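Engineer: There's a structure below that I have some questions on.
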Amino acid sequence: MIDTHFVRELQEAGRIDDRIATFFHEFHIGTLLNKAGIKKLRGASPKALFAAIFLLPFIGANFYRGIVKNHALTFKKDAAYALLRNPRHNWRRFLWGLAKPIIRFMEVLTSERRVKVFVIDDTVYDRHRSKKVELLSWVYDHVSGKSLKGFKMLTLGWDDGVSFVPLDFVLGAATDPEKRVCGMTKEMHHRSCGARRRQEALRKATELLLPLLKRAKAQGIWADYLLMDSWFAFPSVLAGLHKLLPVICRAKDMPNVLYRFQGRELRLSGLYSALKKRPGRVKYLASAVVESQGSDTAGSVRAAQGTQKAVGGSVVHGHGARRDRDRAAVRQAP
């Protein structure tokens, strides 16, 4: 008797292969790999290697089970590792080259009045089982409240309210050398893509935001606003980003960040108390035009780092009984 479940799995796998093959053909994946300097030296072609790795999340397999232990492949694991480890492969150029036609394809299907935004966010890339990964670091995970071995992955994406397209990313290591489990172990040319990636990994996340947006602008991809979390809501950072496009973010109450409102300098919790709230169940409780002043990076010397107007949006709720009086949504005025 034929196992119908096994037959359905084979049919679904065949459909996935066909869809991926169509995607690779329509978006010229082989050409994009070649333009990114990912070319065949010997053995299997880069397109075949990339297709096998690209297939893994769609079939629910990890790299070990789908590549290392998959004897049905026409290449060995060393070929796949060589593809991913080569410091001369410009994966950033490949990602930009793929993202641009995908965004153009989506824009044809959506209204011109739909708001498009850039989204910047960081997340923890957990590598708790790793021991000898280059620049492996102890990073703090705000979700679990624990320090984990891994990296901080800073991602820039494009969003139209329905679809999200990743554009660029940086894997960040700890800036403090004492928190790094491993250092840089490989010697490579300082102008190679791998060397530049390693230099980026050692920079602060706030220093990487502006280069991410400038690369997007250079690629001809743009949006109406930039959305980001309160983690990046420092006045000096907002002032720099606002030179490129309006910023919408959640502010956080910090004693060294003051907002000038009606002639008074208030921290965010004081600003919330000073605003007149709208009654009833409304979308925005209050709004105000304020000027914000930052502080020195050490937090001990109060000095203006940048002044920019900000439009206070709705106060965000969710901080116990106080209903998050120390947070508000702040949008940079154009």
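Engineer: What pairs come up if the first residue lies in the stretch 249-268 and is within 20 Å of M228 (Cβ to Cβ), the second is polar (S, T, N, Q) and in a strand (DSSP E or B), and their beta carbons are under 7 Å apart, counting only those six or more places apart or on different chains?
Structural biologist: Once the first residue is within 20 Å of M228 (Cβ to Cβ) and sits in the stretch 249-268, its partners that are polar (S, T, N, Q) and in a strand (DSSP E or B) give V257/S292; Y259/S292.
Engineer: Go through the stretch 35-65 and report how many residues are surrounded by 13 or more Cβ atoms within 10 Å (Cβ to Cβ) and out of contact with any Pro (no Cβ under 8 Å at 6 or more places or on another chain).
Structural biologist: 21
Engineer: Further question on the same structure: For the stretch 80-136, which positions are surrounded by fewer than 16 Cβ atoms within 10 Å (Cβ to Cβ), under 30 Å from S147 (Cβ atoms) and among the aromatic types (F, W, Y)?
Structural biologist: Correct list: Y81, Y125.
Engineer: Quick check on the stretch 143-177: of everything there that is part of a loop (DSSP other than H, G, I, E, B) and of a type in the set (A, V, I, L, M, F, W, C), which residue is surrounded by the fewest Cβ atoms within 10 Å (Cβ to Cβ)?
Structural biologist: Checking each candidate, the answer is V143.
Engineer: Can L55 be described as under 14 Å from D17 (Cβ atoms), modelled with pLDDT under 90 and of a type outside the set (F, W, Y)?
Structural biologist: Considered against the rule, which asks whether it is under 14 Å from D17 (Cβ atoms), modelled with pLDDT under 90 and of a type outside the set (F, W, Y), L55 comes out as no.
Engineer: Does the stretch 79-101 contain at least one residue that is touching a strand residue (DSSP E or B) at 6+ places or on another chain (Cβ under 6 Å) and in a helix (DSSP H, G or I)?
Structural biologist: Yes - at least one qualifying residue is present in the stretch 79-101.
Engineer: If a residue counts only when it is modelled with pLDDT of 85 or more, which strands (runs of 3 or more DSSP E) contained entirely in the stretch 235-286 have at least 1 such residues?
Structural biologist: Strands (runs of 3 or more DSSP E) meeting the threshold: 247-252, 264-266.
The values are calculated or read from the model by the stated rules, or taken from the named source; none is laboratory data. Nothing here was measured: the structure is a model prediction, and the numbers come from that model. Cβ: placed from backbone, ideal geometry, glycine included. Neighbour counts: every protein chain shown.
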